[in-house]
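The block underneath contains the structure these notes are about, expressed in structure tokens.
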């Protein structure tokens, strides 16, 4: 018989007692912070605390009778193992016959019952969907209580790290200049009050940075813009003297992060309010809804104007980004040399290789942090989309097959992201063919010419076509935007061939930077991904409108040991040779060690 | 001083008298028939009658004080000339400061006035837009009167030509089989009454054809489908004995075309009603709206299910289409030979060349009519999108430059559409380069491999990229669907890189046929277009989903005199050679004359 997990059971009992006290019949715990950040800090791991499952996606629903946990196919086995003996039932998302959470609640909740959740960790779209689906059952929502507060006694504190100021020189535009443009947009929408919830938008706009989300240099915050005020809601302990005096100087009024809701409650709106539903949590939305309705003004859901301003990098940002990418590229090139020349000679694991690369990056000037946890995946591990090697659980790298390394850093001057798949020994002809097609796709997209107005949907096929010609697809997008000393994933632009409802299809615009990362993933065998970051640039201008193209930002050699020229067109070979010539021209001056420079010469030779 | 156009002025006076009698302050006359067909018969040329301007796009608005005519940039000069002395003011659409029709009406109409138009020649979207824009001014609409009836005494009659029946053998599926699928769709939408207004949908569904619209083998008609009835509203004089006995046999109840509105008025709806707003004229929509509201049932605007059924050709249709395209291709090939070998030797004009080709096509078995008026455009004329050579107004073809011929026929067995640009003498290197890039684009799109779910927006860039690489764009879509013994333009699929609001972005599906027609248009110099029709086919099926590709239907040589291999990739050259080998293999057996076969051998040689 399965052994009981008393720790979890006791926690659930305590939670149920609080639920009874609060009059909550069902309590839901998802995976998110208050800002729908890509990574959640330990403070937010409520679901993990109450069921034991710690995968990156899961929602726990608890009633007096039952506890159920929903996760996706990546985590079925892990969740079953981690929830053994807890009595929590696993609901396998998207499996036939398995209800969604809202279906489950609709089927199980009785008329007049109450569903509770912390409305700050639920997106507005999910909240509205639940509200709509459960309205027929006259279910009440109670969304202003985080029940974990009472039960989880040794809970980690909310992340709270010092904020810091980026100089106007580094940012290219001052806070005031940026704010003026956002206020113009507010006027265009006919609004006089604008709430910003998206952390990277707030950081970009204020030229501030923080350290509250793993790998994202952002501070937990909200911002409110009116015609004559700019309020920044941040944790007081994060506001250093430097930040305080900067805020005083530029006209940012500081408020306590926890006072947002009481601030909104206390506001009498005299004009329409601008917000972006995609980025606003459900409690904030409900609070704004109530207050604007009371004041008889409109609550306008529009794309946060900061997003596009942030996406189109200014000249200073671009100049710094280009430099940072060269240094980052040179460092990765040295790492590739190190891997290829040491594999089989010194002990090397996926984890130790990642540590090596991370420490090399950390030594670069202006290094702040990794832009995401380095993916170092050997052979078949590289076929898993969410593989993460740990010190205790990683493969040894032997002189055969390939190592896929996807990595990047955030520096004063830019945030990088790059993937190379490194040949460390014998590889099959099939691998060479697929590797070559991947490289062809990356380079073909990078040399595209397209008219202004094109979106990622128009150009995606250029990267996929060489693989689709072989009957192979990579089941992820081709590209995402990247922040400036900010998050490694940002919008609105992206490169995909299909868009799910709600996904934004935004035109590619000059100054945007975007990844170009086709791949091949053969389960249990190998994985290939080649990722360059490219910058959208203007190309000529004639009677047909403005043409755009891409310039490479990444200059790291592509492993010629895996290239099979027989499937390449003459223009593919030329593109690879041209790219490699540029890699050598730009990177070799940054490489101090002669024999690595010599190796690079050979690694970027014309074929 | 400008001479007065008394004829038009008298007509306008007569119209104004009727307007006064009917209590109509502004009367609007657009360019359309009752079904928004591509071509309008003379009966519908009301705007032409009242202002003299006979271009393909124009809307006339008349009040007691003023008459204004709106048209687009293609027609500014022609409209000015044709409307001289009529007192009708030209409104140049899209020019700065020029109001749209609804803006004009909003600015000029007085509160409580009445706007009139024939609600059968206005689309629902335009009607609703006017209604909305003018509602603030409390303007009434009077849409059930065609005022031209009283004034235009020598008006041509409504087109009325015999309908005919296509055999089930030719159609692959019987009317009953098709109807069963449409009824299933009606059920899916929860509807019990479905009005069809789109002529080609009605024709395809019933396996009937007509001859009421130029180049479209369709009869003026409406259809109503209920759970147990199929009503066809057609002009009694069109219903031959053959059609009547067919209708009796398959269960089609015939009604008079002009009784649709009284039929709807007399119907008591007991279930929800399905219609497609895109294809329904405003009077029909308003009548349906009123009646469904009265009956307290829903009027559901959904895509007409017949459209997609019609677009995905069945096996019989495809088999016939493939054959018809071969015969049509062989005929065009013989025409190309004739042009190239006779230019400079016999008198040849754009018009006489078109007549030659038309008569060659007419001699083919099963020929019904041209699928559109043949475009025969020499040199600079080919740069004009809407050029039409007439006997009195056409260029002589000399042995220099190129002749663009865009043409097709409707046969028992399929409808064709094909463009070739024929070298008839010296051409510049620039022309050769642009011609080659056009061919590369056509062939690259045709050999695309793509996953099911892709739309024309995903693949369009494959055709455009070789031209975009040269900084050139063609300012039209890359492809449109084509009917089966039906209209040369049909949806829902199309290949474009951008979509205007309301344009349908439909996935490409097996059995669809679509054109692939890139081009280059250099004003006052030359025009190039190469158009093949391709069929969407399945390609393999693996772990990544269903791949699709295209098979050529058109097999006509591409003029090697205009090919510059220096800009072609090795795969482009291979694609052209492979295509030409297939052209020779498939077409040469259909060409009886030895020296033309020998010429074809040379014209399709490997390069």
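The values are calculated or read from the model by the stated rules, or taken from the named source; none is laboratory data. Note that this is a predicted model, so its numbers are computed, not measured. Heads up, the Cβs are rebuilt from the backbone with ideal geometry, glycines too, and the neighbour counts pull from every protein chain shown.
Does residue A:550 satisfy the criteria of being more than 30 Å from residue A:412 (Cα to Cα), within 14 Å of chain B (Cβ to nearest Cβ), assigned to a strand (DSSP E or B) and touching a residue at least 24 places away in the same chain (Cβ under 8 Å)? Judged against the criteria, residue A:550 is not a match. May I ask you to list the residues in the stretch B:147-188 that are under 30 Å from residue B:15 (Cβ atoms) and surrounded by fewer than 18 Cβ atoms within 10 Å (Cβ to Cβ)? If the condition is that a residue be under 30 Å from residue B:15 (Cβ atoms) and surrounded by fewer than 18 Cβ atoms within 10 Å (Cβ to Cβ), then B:149, B:150, B:153, B:154, B:155, B:156, B:157, B:158, B:161 are the ones that fit. Scan the stretch A:378-388 for residues that are farther than 17 Å from residue A:399 by Cβ, in contact with a helix residue (DSSP H, G or I) (Cβ under 8 Å, 6 or more places away or on another chain) and surrounded by 17 or more Cβ atoms within 10 Å (Cβ to Cβ) and the total you get is 1. Residues in the stretch B:465-489 that are crowded, with 24+ Cβ neighbours inside 10 Å, within 19 Å of the chain's Cα centre (by Cα) and not in a loop (DSSP other than H, G, I, E, B): 2 in all. Does the stretch B:21-32 contain at least one residue that is surrounded by fewer than 17 Cβ atoms within 10 Å (Cβ to Cβ), in a helix (DSSP H, G or I) and modelled with pLDDT of 95 or more? Yes, the stretch B:21-32 contains at least one residue that is surrounded by fewer than 17 Cβ atoms within 10 Å (Cβ to Cβ), in a helix (DSSP H, G or I) and modelled with pLDDT of 95 or more.
Answer yes if at least one residue in the stretch A:421-441 is under 22 Å from residue A:321 (Cβ atoms) and either away from chain B (no Cβ under 14 Å) or surrounded by fewer than 23 Cβ atoms within 10 Å (Cβ to Cβ) (or both), and no otherwise. The answer is no; no qualifying residue exists. The residue that is surrounded by the most Cβ atoms within 10 Å (Cβ to Cβ), counting only those in the stretch B:248-267 that are in contact with a strand residue (DSSP E or B) (Cβ under 7 Å, 6 or more places away or on another chain) and in contact (Cβ under 8 Å) with a residue 40 or more places away in the chain, is B:252.
Looking at B:573, B:587, B:607, which one is outside any loop (DSSP other than H, G, I, E, B), more than 31 Å from the chain's Cα centre (by Cα) and at negative phi? Step through it out loud before you land on a result.
On the way: B:587 fails: more than 31 Å from the chain's Cα centre (by Cα); B:607 fails: outside any loop (DSSP other than H, G, I, E, B).
Step by step, each of B:573, B:587, B:607 is checked, and only B:573 is outside any loop (DSSP other than H, G, I, E, B), more than 31 Å from the chain's Cα centre (by Cα) and at negative phi.
For the stretch A:352-367, the condition of being at pLDDT 95 or above and part of a strand (DSSP E or B) holds for at least one residue. Looking across B:521, B:595, B:584, one residue alone is in the same structural domain as residue B:377 (by TED's automatic domain parsing) and without any contact (Cβ under 8 Å) to a residue 12 or more places away in the chain. It is B:595.
Buried (at least 20 other Cβ atoms within 10 Å of the Cβ) and under 20 Å from the mean Cα position of the chain (by Cα): which single residue out of B:372, B:335 fits that description? Walk me through it before giving the result.
On the way: B:335 fails: under 20 Å from the mean Cα position of the chain (by Cα).
The conditions single out B:372.
Within the stretch A:442-455, the set of residues being within 14 Å of another protein chain (Cβ to nearest Cβ), part of a helix (DSSP H, G or I) and touching a helix residue (DSSP H, G or I) at 6+ places or on another chain (Cβ under 7 Å) comprises A:443, A:444, A:445. For residue A:461, the criteria (1) buried (at least 21 other Cβ atoms within 10 Å of the Cβ); (2) in contact (Cβ under 8 Å) with a residue 40 or more places away in the chain hold in every case but one, which is (2).
In this structure, residue A:88 qualifies as touching a helix residue (DSSP H, G or I) at 6+ places or on another chain (Cβ under 8 Å) and in the same structural domain as residue A:14 (by TED's automatic domain parsing). Determine if the stretch A:92-105 includes at least one residue that is surrounded by 14 or more Cβ atoms within 10 Å (Cβ to Cβ), without any contact (Cβ under 8 Å) to a residue 40 or more places away in the chain and under 14 Å from residue A:28 (Cα atoms). For the stretch A:92-105, residues surrounded by 14 or more Cβ atoms within 10 Å (Cβ to Cβ), without any contact (Cβ under 8 Å) to a residue 40 or more places away in the chain and under 14 Å from residue A:28 (Cα atoms): present.
Is it the case, given these coordinates, that residue B:327 is buried (at least 20 other Cβ atoms within 10 Å of the Cβ) and out of contact with any strand residue (DSSP E or B) (no Cβ under 6 Å at 6 or more places or on another chain)? Step through it out loud before you land on a result.
Numbers: buried (at least 20 other Cβ atoms within 10 Å of the Cβ): yes; out of contact with any strand residue (DSSP E or B) (no Cβ under 6 Å at 6 or more places or on another chain): yes.
Yes; evaluated as a whole, the condition is true for this residue.
The residues of the stretch A:33-80 that are without any contact (Cβ under 8 Å) to a residue 24 or more places away in the chain, part of a strand (DSSP E or B) and more than 30 Å from residue A:201 (Cβ to Cβ) amount to a single one, A:69. Here is a list: A:138, A:133. Which entry is more than 29 Å from the chain's Cα centre (by Cα), in a helix (DSSP H, G or I) and either farther than 25 Å from residue A:20 by Cα or modelled with pLDDT under 95 (or both)? The unique qualifying residue is A:133.
Kindly indicate which of A:534, A:520 is away from every other protein chain (no Cβ under 14 Å) and either part of a strand (DSSP E or B) or surrounded by fewer than 23 Cβ atoms within 10 Å (Cβ to Cβ) (or both).
Values: A:520 fails: away from every other protein chain (no Cβ under 14 Å).
Checking each option against the conditions leaves just A:534.
For the stretch B:142-160, the count of residues that are in contact (Cβ under 8 Å) with a residue 40 or more places away in the chain, touching a strand residue (DSSP E or B) at 6+ places or on another chain (Cβ under 9 Å) and in a helix (DSSP H, G or I) is at least one.
Per-residue answers, yes or no, for (1) more than 14 Å from every other protein chain (Cβ to nearest Cβ); (2) more than 22 Å from residue B:461 (Cα to Cα); (3) at pLDDT 95 or above:
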position	(1), (2), (3)
B:508	no, no, yes
B:530	yes, no, yes
B:543	no, yes, no
B:558	yes, no, yes
B:564	yes, no, yes
B:571	no, no, yes
B:589	yes, yes, yes
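Residue A:458 meets the conditions (1) in a strand (DSSP E or B); (2) within 14 Å of another protein chain (Cβ to nearest Cβ) in every case but one. The failed one is (1).
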